[in-house]
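Before any comments, here is the structure.
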Amino acid sequence: MSLLNVGARALLANQVALQTAGHNIANVNTTGYSRQTVVLQTVQGQFTGGGYIGQGVDVQTILRNQNELLTRQAAQAGSVQASDSVRAERLRQLQEIFSGGTEGLGASINDMMNALSDVVNSPTDITARNVVLTRMDETAARMRSSAERLNEIQYTVTEQLQSSITAVNSLATQIAAVNEQIARAKGNGQSPNDLLDQRDQLIRDLNQYVQVTQIPADDGTVGLFVAGSQPLVLGNAATELSIGDASAFPGSGQLKLFFNRPGVPPSELDENMLGGGSVSGLLRFNNTDLAEGRNLLGRLAMGIGMNMNAQQQLGLTLDGQVGKPLFSLPASMPGSTNGAGVGNVTFTDATQFAASDYEIRFTTGTAGQVVRLSDGQATAFTSAANLATLEIDGLQFNLTTAGVPGERMLFKPFSTAAANIESLVYSPRDLAAANPINAAMGTANGGTLQLGSLKATGEPNPPGLVLPPNANPALVPPALGGVQLTFNAGPPTTYDVLNRASPATTLLTAQPYVPGAPISINGWEITLRGSPNTGDTVVIGNALDPQYGDAYTRNAGNATALLGLRDVKMFDESTLSDGYASAIAQVGTRTQSALFSAKLSDTLASNLERDRTAVSGVNLDEEAARLIQYQQAYQASAKMIQIAQNIFDSLIQGLGR
């Protein structure tokens, strides 16, 4: 009987081995499956006087070929890769908005500025004026279109985040259910290999959305934690996550991940603690990359619009009216608060703008600091009144109600500028191309004075532009009008400034004259070249003075000043005409960095997954060889049983005689 028992055990053991090999082959393409191997053990031998006689073989267990360290490393690397990949993909979409070429916003801005040169050459040409206004309208339209595309990207990011969180909550629930099944199966002392594979694959899938930390329990379950310490799955219980507005600044566009423990208000998770996963990448893109893109576009709109509006309002239209603003722009932007603070931000100097959001953080009393969020630079203030006197990056922060210590206020000065910009001037006659002042050299001048340039600047402001007085021939003696510069050859060469209105008054005396250096008076600026003789004069007059008639209509001084804005440095030391190129460079640099990170993390994730599958994956050649091995062993076991049967038959027949 012992021989028969040995053969039967061997037959059953090899049958299990064949079944396991078949199971491996059947699951060769099953995601997450770990190759299984039959572990055989010798049955304890039977003691006899002649020694121990073998009793055959039994199946000890079905071993799951898996390396816990590699499995976890591959899951973590895949999580980082998912985060980097989704951020790089979104940044590519952002880069498409900040594109070059003839269809880009930069080409539209350059076309608008270049069109002014035709007005400079022919200020009364209605067609040239129409072209300028058309180009302005196109520029505003492209800015609005770019802002709309940014809004579309933000909408799709929000929708993707919501769907990702739905998937996370579903996976967490499934993992909790498998945890319960594993805990029950563990009671029999054997490892439920297929359930463990299923749970590991669910955890890998979960890591694609949000990175988790695994902590095994004694009952075979695994606890999963997000953001370092929040228990997403404990045993057979799962906690839901959600996406919503930042609790500190609702409606600001900032999104956060919330942990929703039952019976407790949702707690906001620190974005920097999330690690990998597509949710982390999308949150970083929305709160950082997209915010910067919106600020770059908004700063561009505000910088160009403010400078062109200011210069337009210093000129005269064909009808002799002071120019009206060319673009609609916000005068101020309110701040969001997490407390009692109320205030807004106004725009003072477009050449100093930084593409950033700002926070006011109150520290003691009504004192605090203004923090530029793009780089963390802080400016301290002692009170709301003190804050109102500070100009920070061309902005002025005004508090009507100060916050208490610990409160914060968020300001997004450029968030809606591009989305709402519109061209306001439609009639070509309303383009203020004319200079509001003119200049004439004295007829008796004997020196070499020449006019270099003459323009209205409006600076300092206040008082802004103060035009020279008009002539009044009705007075006795008649008022000549204008402001006169009278020179003294020196040395040193100086000039006096005379207001020629009746009675004539001296405004300045013995001012040093430097050829080519601007002379600024009452919000206008004149540049002279050459050397004067004593007594030489220059008269600066009001262009609308009746004595000059309609000469202002043939003047393009303000159009020249508008055209000159393209060379004004205003965007991080880039000129107006290069401002868009600077924005392209910033977005491009960020995109290339993200693409490099995505490529690197993809390589690491692929290598670790390859190492994991080298241990856990099914090799069909190996399984085919094992099938032959187990088949031969099975056939030999069957032969052993057959031989045992023949022996017993012979024995019984012999006993029967």
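Every read-out reported here was derived from the displayed coordinates using simple, explicitly stated rules and does not represent laboratory data. Everything quoted here is computed from the prediction, not taken from an experiment. Using ideal geometry, Cβ is built from the backbone for each residue, glycine included, and neighbour counts are taken over all protein chains shown.
Highest mean first, the peptides 255-265, 326-336 sorted by other C-beta atoms within 10 Å per residue fall in the order 326-336, 255-265.
Modelled this way, with points 7 Å down the Cα-to-C-beta line, the labels at residue 645 and residue 374 are 8.8 nm from one another.
Using the Cα gyration tensor of segment 384-457, with a ≥ b ≥ c the square roots of its eigenvalues, what is the shape: rounded (a/c below 1.5), prolate (a/b larger than b/c) or oblate (neither)?
Numbers: a/c = 4.78, a/b = 2.02, b/c = 2.37.
It comes out oblate by the Cα gyration axes.
The base-10 log of I(q)/I(0) for segment 274-367, evaluated at q = 0.10, 0.17, 0.22 Å⁻¹, reads -0.45, -0.93, -1.14 [Debye formula, identical scatterers on Cα atoms, solvent excluded]. The residue among 438, 562, 26 whose Cα reaches farthest toward the positive pole of the charge dipole of the chain, with charges on the beta-carbon of Lys, Arg, Asp and Glu, is 26.
Straight-line cross-link reach from residue 455 at under 26 Å between alpha-carbon atoms covers these lysines, not counting any fewer than eight positions away in the same chain: 324, 569.
If you fit an axis through the alpha-carbon atoms of helix 193-207 and take the longest principal axis of the Cα set of the chain, what angle between them do you get, 0 to 90°, nearest 10? Compared with the principal axis, the helix lies near 0 degrees.
Label sites at residue 592 and residue 118, each approximated as a point 7 angstrom past Cα along Cα to Cβ, lie 3.7 nm apart. Rounded to the nearest 20, the size of the Cβ-charge dipole of segment 58-125 about its Cα centre is 520 debye, with Lys and Arg at +1 and Asp and Glu at -1. For segment 21-132, just say rounded, prolate or oblate: build the C-alpha gyration tensor, square-root its eigenvalues into a ≥ b ≥ c, call rounded for a/c under 1.5, and beyond that prolate if a/b exceeds b/c, oblate if not. Because a/c hits 1.5 or more and a/b exceeds b/c, segment 21-132 counts as prolate.
Once the other residues with Cβ under 14 Å from the Cβ of residue 560 are scored (Lys, Arg +1; Asp, Glu -1), what is the net sum? If you can, show how the numbers build up before the last one.
Numbers: positive: 455, 554, 566; negative: 118, 525, 567.
For residues surrounding residue 560, the net value is 0.
Can you tell me the FRET efficiency between residue 65 and residue 166 if r is taken as the Cβ-Cβ distance and R0 is 41 Å, rounded to the nearest 0.05? Mind dumping the intermediate values first?
Numbers: r = 34 Å, r/R0 = 0.83.
Once the sixth-power term is evaluated, E becomes 0.75.
Which residue, 362, 506, 43, has the largest displacement toward the positive end of the dipole of the chain when charges sit on each Cβ (Lys, Arg +1; Asp, Glu -1)? In the chain, that residue is 43. For residue 186, the aspartates and glutamates whose Cα comes closer than 17 Å to its Cα, not counting residues fewer than 8 places off in the same chain, are 194, 197, 200, 218, 219. Here the Karplus relation 6.51 cos²θ - 1.76 cosθ + 1.60, evaluated at θ = phi - 60°, turns the backbone of segment 13-28 into coupling constants of 5, 6, 5, 4, 5, 5, 5, 5, 4, x, 4, 4, 5, 5, 9, 4 Hz, with x for every Gly and Pro. Taking Cα atoms, how many degrees apart are the long axis of helix 126-185 and the longest axis of the chain, rounded to 10 and kept between 0 and 90? Between helix and principal axis, roughly 20 degrees. Placing +1 on each Lys and Arg Cβ and -1 on each Asp and Glu Cβ, with no other charges, gives the chain a dipole about its Cα centre of roughly 980 debye. Think of the chain as having a plus end and a minus end, set by charges on the Cβ of Lys, Arg, Asp and Glu; of 215, 518, 538, 215 sits farthest toward the positive end of this dipole.
Starting from the Cα gyration tensor of the chain, take the square roots of the eigenvalues, sort them a ≥ b ≥ c, and report rounded, prolate or oblate (rounded when a/c is under 1.5, otherwise prolate if a/b is larger than b/c, else oblate). Prolate, since a/c reaches 1.5 and a/b exceeds b/c. With r defined as the distance between the Cβ atoms of residue 31 and residue 627 and R0 fixed at 22 Å, what FRET efficiency is calculated, to the nearest 0.05? The value I calculate is 0.40. Straight-line reach from residue 599: taking Cα to Cα under 16 Å and skipping same-chain neighbours fewer than 8 places apart, the aspartates and glutamates in range are 84, 89, 609. When 487, 648 are arranged by Cβ crowding within 10 Å, least crowded first, meaning fewest neighbours, the order is 648, 487. Dipole check for segment 183-291: with +1 at the C-beta of Lys and Arg, -1 at the C-beta of Asp and Glu, and the Cα centre as origin, the magnitude is about 120 Debye.
Segment 206-252 and segment 1-66 have Cα centres separated by 41 Å. Between 0 and 90 degrees, the angle of helix 290-312 with respect to the longest Cα principal axis of the chain falls at about 10 degrees.
Taking 35 Å as R0, compute the FRET efficiency from the Cβ-Cβ separation of residue 2 and residue 186 and round it to 0.05. Before the final figure, lay out each step's value.
Details: r = 35 Å, r/R0 = 1.01.
For R0 = 35 Å, the calculated efficiency reads 0.50.
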